[in-house]
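Report on one structure; see the data block that follows.
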């Protein structure tokens with residue numbers, strides 16, 4: 001029994017790292033522009049399809065195609081900003097919600113049209129199989145995905161705190177008018193935020209494709225968890241998203257193990273509601 005419990009804890013931590021990576025892109029976009037991207041999960045779906053077709057058409061393992069998927073998602077994020085988001089930056093919040101929700105419908109509809117609703121999976125990858133760590137068996141794919149998520153989160157945090165471009169982005173997030181007076185091109189920073197935010201979910205999608213089914217609605221569940229993670233950690237807080245991702249992963253798997261698998265998402269949402277009532281700005285968010 002103790003071994004199974006330890007196995008469950010490890011699984012929760014590993015999936016929590018992936019949740020954190022998905023949520024980082026969402027919280028970065030919101031922190032920069034105060035726009036909630038409801039299509040965030042659909043970009044994850046697109047990344048997973050890219051990784052799948054790289055494997056089918058070119059025989060590239062998801063680890064090998066990961067840089068290509070990341071670059072493609074970065075470019076897709078920049079194009080999304082200039083085509084859809086830039087015209088509605090100063091529009092009412094309701095208009096912004098309709099636009100991002102429209103992108104969700106568009107991407108999901110295109111995926112269903114091109115590839116139908118069939119479930120697809122990459123049959124064999126370089127990370128297939130299990131490994132024993134101190135008596136706990138862990139899927140190599142899950143372990144690699146968690147490690148990739150930690151590295152990517154660390155790189156994003158380092159970029160924001162230690163580079164001129166990252167500091168400029170934080171300045172725009174703090175006060176875009178003051179940043180413009182200091183010579184910072186806020187429009188370029190917004191485009192970069194969308195590019196990095198969507199690229200991060202591209203990394204998550206590329207890593208998930210090695211052990212998770214690909215289908216047009218795959219992003220919905222992960223996006224729901226990403227919104228919970230962002231709300232718990234605090235909108236706009238990258239460290240908060242990382243910590244909250246681990247917490248959500250643990251709550252999900254432990255409630256499924258201790259109570260019932262069918263109720264595991266309910267307890268995650270209860271945690272979310274508790275934080276909303278007690279600390280609406282999240283663990284590390286600002287009022």
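The values are calculated or read from the model by the stated rules, or taken from the named source; none is laboratory data. The structure presented is a predicted model; accordingly, all values stated were derived computationally and were not measured. Every residue, glycine as well, gets a Cβ built from its backbone with ideal geometry; the counts of neighbours run over all protein chains shown.
Structure notes:
- Residue count for segment 24-58, restricted to those that are at pLDDT below 90 and surrounded by fewer than 17 Cβ atoms within 10 Å (Cβ to Cβ): 1.
- Just one residue in the set 248, 203, 228 is under 14 Å from the mean Cα position of the chain (by Cα) and farther than 30 Å from residue 115 by Cα; that residue is 248.
- Any hit, segment 137-145, residues being closer than 19 Å to residue 73 by Cβ and under 15 Å from the mean Cα position of the chain (by Cα): yes
- Exclusive hit being modelled with pLDDT of 90 or more, crowded, with 21+ Cβ neighbours inside 10 Å and closer than 30 Å to residue 6 by Cα, set 226, 204: 204
- Residues that are closer than 17 Å to residue 15 by Cα number at least 2 in the following helices (runs of 4 or more DSSP H) confined to segment 127-216: 140-162, 186-208.
- Some residue of segment 199-212 being in contact (Cβ under 8 Å) with a residue 24 or more places away in the chain and in contact with a strand residue (DSSP E or B) (Cβ under 7 Å, 6 or more places away or on another chain): yes
- Selection status of residue 155, surrounded by 12 or more Cβ atoms within 10 Å (Cβ to Cβ), free of Cβ contacts under 8 Å to residues at least 12 places away in the same chain and under 22 Å from the mean Cα position of the chain (by Cα): yes
- Residue pairs whose Cβ atoms lie under 8 Å apart, sitting 6 or more positions apart in sequence or on different chains, and linking a residue in segment 175-193 that is on the phi < 0 side of the Ramachandran plot to a partner that is part of a loop (DSSP other than H, G, I, E, B), are 190/89.
- Residues of segment 232-242 satisfying the condition of being surrounded by 19 or more Cβ atoms within 10 Å (Cβ to Cβ) and either out of contact with any helix residue (DSSP H, G or I) (no Cβ under 6 Å at 6 or more places or on another chain) or over 23 Å from residue 200 (Cβ atoms) (or both): 237
- Scanning segment 81-109 for residues that are surrounded by 13 or more Cβ atoms within 10 Å (Cβ to Cβ) and either within 21 Å of the chain's Cα centre (by Cα) or touching a residue at least 60 places away in the same chain (Cβ under 8 Å) (or both) yields a count of 18.
Yes/no matrix, rows are residues, columns are (1) closer than 19 Å to residue 78 by Cβ; (2) touching a helix residue (DSSP H, G or I) at 6+ places or on another chain (Cβ under 7 Å); (3) in contact (Cβ under 8 Å) with a residue 40 or more places away in the chain:
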{"position": "17", "(1), (2), (3)": "no, yes, yes"}
{"position": "25", "(1), (2), (3)": "yes, yes, yes"}
{"position": "46", "(1), (2), (3)": "yes, yes, yes"}
{"position": "56", "(1), (2), (3)": "no, no, no"}
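- Unique match (being touching a residue at least 24 places away in the same chain (Cβ under 8 Å) and crowded, with 24+ Cβ neighbours inside 10 Å) among 9, 21: 21
- Number of the exception - residue 183 against (1) surrounded by fewer than 17 Cβ atoms within 10 Å (Cβ to Cβ); (2) at pLDDT 85 or above: (2)
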